[in-house]
Amino acid sequence: EPRTFEAVIGEDDTITVTLKPLARGRVQFKFFPADGTRVIIDGKMLAVQSNVVATELTTGSHSLVLETRDGRRLAKTFEIEEGKTTSLGTLEL
C-alpha cells in the first residue's frame, strides 16, 4: 500500500525504511452461473477455476463485481476484518 514519508539524510547518506505487513483476512463465496462469469475484486479480475472463491485480502472495504457472458451484473461491497473470514454466501445473477 502506498505510503508517504519525509526523509532527512544523515551524515552517512543512509535511509532506513521499515515496512509493516498489512493486516489481512479472507473472503469466500460461491456464484452462479459458474460458466463464463467474470469475478472482479477491487477492479482486478480473478483467475477462478470453479464457482467457489476463497481468497486473502487486506483489511478494509472492498468491491466485488460479477459479470456473466450475457451481460448480467451483480455489484456489492464488503468488509474484511483482520484474521477473520467474511462469507458472502451464494451469489446468483
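The values are calculated or read from the model by the stated rules, or taken from the named source; none is laboratory data. These figures come from a predicted structure and were not determined experimentally. Here the Cβ positions follow ideal geometry from the backbone for every residue, glycine too, while neighbour counts run over all protein chains shown.
Say we look at the range 16-30 and pick out the residues that are exposed (fewer than 10 other Cβ atoms within 10 Å of the Cβ) and β-branched (Val, Ile, Thr); which of these is farthest from residue 93 (Cα to Cα)? Selected residue: 16.
Taking the range 11-46 as the range and being in contact (Cβ under 8 Å) with a residue 60 or more places away in the chain and β-branched (Val, Ile, Thr) as the test, only 27 passes.
Would you confirm whether or not the range 71-85 contains a residue that is loosely packed, with under 14 Cβ neighbours inside 10 Å, in a loop (DSSP other than H, G, I, E, B), at pLDDT 95 or above and basic (Lys, Arg)? Break it down stepwise before answering.
First, the residues of the range 71-85 that are loosely packed, with under 14 Cβ neighbours inside 10 Å: 71-73, 75-77, 79, 81-85.
Those still in the list that are in a loop (DSSP other than H, G, I, E, B) too: 71-72, 81-84.
Among the residues that remain, those that are also at pLDDT 95 or above are: 72, 81-84.
Now narrow it down to the ones that are basic (Lys, Arg): 72, 84.
Checking the range 71-85: at least one residue is loosely packed, with under 14 Cβ neighbours inside 10 Å, in a loop (DSSP other than H, G, I, E, B), at pLDDT 95 or above and basic (Lys, Arg).
Considering the range 47-59 alone, what residues qualify as being surrounded by 14 or more Cβ atoms within 10 Å (Cβ to Cβ) and either in contact with a Leu (Cβ under 9 Å, 6 or more places away or on another chain) or touching a residue at least 60 places away in the same chain (Cβ under 8 Å) (or both)? Step through it out loud before you land on a result.
To start, the set of residues in the range 47-59 that are surrounded by 14 or more Cβ atoms within 10 Å (Cβ to Cβ) comprises 48, 51, 53, 57-59.
Answer for the range 47-59, where residues must be surrounded by 14 or more Cβ atoms within 10 Å (Cβ to Cβ) and either in contact with a Leu (Cβ under 9 Å, 6 or more places away or on another chain) or touching a residue at least 60 places away in the same chain (Cβ under 8 Å) (or both): 53, 58, 59.
The residues in the range 31-46 that are over 16 Å from the mean Cα position of the chain (by Cα) and either surrounded by 11 or more Cβ atoms within 10 Å (Cβ to Cβ) or part of a strand (DSSP E or B) (or both) can be counted, and the count is 5.
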